[in-house]
Amino acid sequence: MRKLIFTTGSPFARAVRIVLDEKGLDWERQEEITTSSVETRAKASPTLQVPTLIDGDLRLWDSHVILDYLTTTYPSPTVPGVAHRFADQFIRPDHEWTDKLAFATLQTLGVATTVISQLQWAGVKHEDNTYAGRSAARIQHVLDWCESRLASEQEGFVPGVLSAQDVLLAVMIMFMENRPLRLKWRAPERRKMAALRERLQSRPSFEQNPVLWWEPGITGYQPDGTPIRAAAKAS
């Protein structure tokens, strides 16, 4: 049985869950809370990191490796009524270095964003910390770069398919939207990015894996930082 060990609020884990669903795979959820002990994390991987994917006798950690494995190992089904079938290539042979660079840059975006989130939980705001402030500035430059690499307002990084790069970018900007981190991604010149976000938000795999905080039941935040719980949102 396929199993994914993950923390609920991780955008990296959300990207993996989305791709598992895009591939039409059955998988078991094993959610950990962010305060899990070192011993608990060590059981998942020696890096103390999740997500960790267990597929038969294979155990993989690091979202980049997991996304590569899922993309290239399993064929992508065609979903009726859903445009852009998920890609079956992680790195295109004729675009090897540009694709690798996109993944590395998106990993940097994710790390910078989650570092700011973790520091804020510790009481450190990025406006008041040199390292976190540099991460916030880095995020804006990376977002501009991503906007320049998207093919058009109707396509993502790879024309004709939904790519893992598209998923990573979308989950990171949605993470910024749903965390009271004072990080902005929307800008008038980022029209392609805004169009990508809107297209993917209504995709079944994204709807089945909403943005959640580490505490189950919280689906977002009010502008003042007040958590929005699922029951309250439904009403």
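The values are calculated or read from the model by the stated rules, or taken from the named source; none is laboratory data. For clarity, every value in this text was computed on a predicted model and none was experimentally measured. SASA here: full protein model, heavy atoms, side chains in, ligands and nucleic acids out. Shrake-Rupley method; radii C 1.70, N 1.55, O 1.52, S 1.80 Å.
Points to keep in mind about this one:
- Shape of the range 106-209, Cα gyration tensor, a/c cut at 1.5: prolate
- Distance between the C-alpha centres of the range 101-129 and the range 1-22: 20 Å, rounded to the whole angstrom.
- Lysine pair count for the chain (Cα-Cα distance under 23 Å; residues 8 or more apart in sequence or on different chains): 7.
- Normalised by the number of residues in the range 1-158, the mean separation of alpha-carbon contacts (under 8 Å, six or more apart) gives a relative contact order of 17 percent.
- Calculated mean residue ellipticity, 222 nm, the chain: -14500 deg cm²/dmol, from DSSP H runs (n ≥ 4) at -39500 (n - 2.57) each, averaged per residue and rounded to 500.
- Rounded accessible area per residue of the chain, 1.4 Å, Å²: 49 Å²
- Overall form of the chain per C-alpha gyration tensor (a/c, 1.5; a/b vs b/c): rounded
- Accessible carbon and sulfur surface of the chain relative to its total accessible area, %, 1.4 Å: 55 percent
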